[in-house]
Amino acid sequence: MRPPEFKLNNPPEDLISSVKFGPKSNQYMAASSWDGTLRFYDVAANQMRQKFLQDAPILDCAFMDIVHVVSGSLDHQLRLFDVNTQTESIVGAHEDAVRCVEHAEYVNGILTGSWDKNVKLWDMREKRCVGTFEQNNGKVYSMSVIDEKIVVATSDRKVLIWDLRKMDSYIMKRESSLKYQTRCIRLFPNKEGYVMSSIEGRVAVEYLDHDPEVQRRKFAFKCHRNRDNNIEQIYPVNALSFHNVYHTFATGGSDCIVNIWDGFNKKRLCQFHEYDTSISTLNFSSDGSALAIGCSYLDQLPETPATVPHPAIYIRYPTDQETKQK
């Protein structure tokens, strides 16, 4: 009988920027970190199978297929790693740090979002950039892609919606409904809208259809906050991940808490226990059977604690009771 939750062996040694399960897999997972490593895990065996090291912090990673992982880093580079042959190559670069990396299955390419205010599309067979898309003068902070649809959240609190079939211009530009800096954005699995989170303990659920009836369903809510001696402590919501089957979603905050939400019925389904430190990244496996939880101290306290908690990755196998709409 597998435990409902366990800690992965050999976690990164600095901030965990991203955890991603392989396509159609809850067994293989990649993790990127500010320690310059990309790690490949066999989750079922609780083993790190591969570790690639580079000089610069890695800000994001994504699977292309089960043995090929790409990463974006602070040194502006997009790299491709082959887990089987243990080789790596530089695919190309931006003018600034590569903050987001996503596999665009629809065109069998890789999308990168950068602080240089551009999104690039890469043909991985030919290892070349086949399109550069300016993000309306905002640094790319978070990005999500499903099929032909892309949502990009930028540093100036804008959200740009793109269609991979017609990339000459974005199809929609919106102001964030959250007043403070965006931390994360994720498309609904059905592509009808997106969820975004901010540094001010708040999450917004937005719909793409302009129909007033549909727009009436959008809402925002406060979360990842607590009261201490009658003072409200407000924490950034750093991470979001959707359950692809039930369309519920997880949020992770600097309060060391993971919550699961039913966005359609506007309620919280459950709250996991408190973790060692801030939740920096989250990822459900494609079938929702496993949730990877990356914990890293994010320098959020006014004074650095005497002992800074070590980064950790937890694998949780959530129950239907925790993740299914009631």
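The values are calculated or read from the model by the stated rules, or taken from the named source; none is laboratory data. Because the structure is a prediction, the values reported are computed rather than measured. Backbone-built Cβ (ideal geometry, glycine too); neighbour counts: all protein chains shown. Surface areas here come from the heavy atoms of the whole protein model, side chains and all, with no ligands, DNA or RNA. Shrake-Rupley method; radii C 1.70, N 1.55, O 1.52, S 1.80 Å.
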To the nearest 10 Å², what's Asp123's accessible area with a 1.4 Å probe?
30
If I model a spin label at Gln321 and Ala56 as a point 7 Å from the Cα along the Cα→Cβ vector, what separation in nanometres do I get?
4.8
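Just the number please: accessible area per residue for the chain, 1.4 Å probe, all protein chains included, in Å². List each step's numbers first, then the result.
On the way: 14440 Å² over 326 residues.
Here the per-residue accessible area is 44 Å².
Hey, any idea what % of the chain's accessible area is carbon plus sulfur with a 1.4 Å probe?
Details: 6500 of 14440 Å².
It is 45 percent, rounded to a whole number.
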What is the Cα centroid distance between the range 9-80 and the range 215-250, reported in whole angstrom?
26
Order of 177-183, 318-324 by packing, highest average Cβ count within 10 Å first?
177-183, 318-324
How about Lys51: which lysines have a C-alpha closer than 23 Å to its C-alpha, ignoring those fewer than 8 places off in the same chain?
Lys7, Lys20, Lys24, Lys127
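Only helical DSSP H runs with n ≥ 4 go in: add -39500 (n - 2.57) per run for the chain, normalise by residue count and round the 222 nm mean residue ellipticity to 500 deg cm²/dmol. Before the final figure, lay out each step's value.
On the way: 2 runs with 8 residues, N = 326.
Counting only the DSSP helices, I get -500 deg cm²/dmol.
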Need the list of lysines near Lys218 for cross-linking: C-alpha distance under 24 angstrom, and skip anything on the same chain fewer than eight residues off.
Lys149, Lys158, Lys173, Lys179, Lys191, Lys266, Lys267, Lys324, Lys326
For the chain, treating each Cα as an identical point scatterer without solvent, what Debye log10 I(q)/I(0) comes out at q = 0.08, 0.10 1/Å?
-0.33, -0.53
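With a 10 Å radius around each residue's Cβ, average the other Cβ atoms per peptide and rank 62-68, 12-18, highest first.
Output ranking for 62-68, 12-18: 12-18, 62-68.
Compare His310, His94 by solvent-accessible area with a 1.4 Å probe and give them largest first, with all protein chains kept in place. Intermediate results must be reported in sequence, preceding the final value.
Numbers: His310 150, His94 10 Å².
Descending accessible area places them as His310, His94.
When the Kirkwood hydrodynamic radius is evaluated over all pairs of different C-alpha atoms of the range 258-326, what value in angstrom, to one decimal, is obtained?
13.6
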Compute the relative contact order of the range 114-247 as a whole-number percentage, counting only Cα pairs closer than 8 Å that sit 6 or more residues apart in sequence.
16
Between Arg268, Arg165, Arg186, where does the largest GNM mean-square fluctuation fall for the chain, given springs only between Cα atoms within less than 10 Å?
Arg165
I want to check the label-to-label distance for Asn226 and Asp287. Put each point 7 Å from Cα in the C-beta direction and report it in nm to one decimal.
3.5
